[in-house]
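Engineer: I have a structure I would like to understand better, so I am pasting it below and will then ask my questions one at a time.
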Amino acid sequence: MMRRRIDVVLDPEYLDALDARSLEELGDMRHEVDDLENELSFYRRVLHGRLDVLRFEQRRRNGEDSRSIIEALPELLASGTGGGNGNALDRLHADFAPELPEVERRFARVMDDDVLTRLPELGDDELSLALEELGALEEQISGQRSALHGIHDALVTEIAGRHVASDPA
């Protein structure tokens, strides 16, 4: 059975024997980590956009905001409230999502577009469950991104060390 790229890269053995690898191999590894981080970042932004919409709906239902979702949408799309990078418009539309099948499957299961279209009819429990599940997925993705940052740093340190060691000055 073939292992997922994220599992290969996050395996502690991925960084074994860096000193025995060529600069080309190290560069390839760094690009692989960068690609995975970019893909995870995209899905995280999409999750933040959806969380923004669902949190607004929850606040509206709790009487903390009297606007309709349509009235609040320009604000949600312009800035978002989830603290993520990028604007909420990018986060809400996943039409050009990079391929990361393991995230795509869980993302689709946790929150399909039907939830957003049925937002007014969702029960409070269903809304809370969707928020919990999306929050758990966002935490998982954030944890993986953080681990990728550490791997990236180790690779960059090794590459930089080689350049310093080979510099005749």
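Engineer: Looking only at segment 5-63, how many residues end up being within 21 Å of the chain's Cα centre (by Cα) and within 30 Å of Pro74 (Cβ to Cβ)?
Structural biologist: So the count comes out to 19.
Engineer: For Phe56, which of the numbered conditions (1) in contact (Cβ under 8 Å) with a residue 60 or more places away in the chain; (2) under 15 Å from Val115 (Cβ atoms) fails to hold?
Structural biologist: (1)
Engineer: Follow-up. Could you tell me which residue of segment 125-169 is surrounded by the most Cβ atoms within 10 Å (Cβ to Cβ), considering only residues that are at pLDDT below 90 and more than 25 Å from the chain's Cα centre (by Cα)?
Structural biologist: Only one residue tops the list, namely Arg162.
The values are calculated or read from the model by the stated rules, or taken from the named source; none is laboratory data. Predicted model only: the values in this text are computed from it and were never measured. All Cβ positions, even for glycine, are placed from backbone atoms using ideal geometry, and neighbour counts span all protein chains on display.
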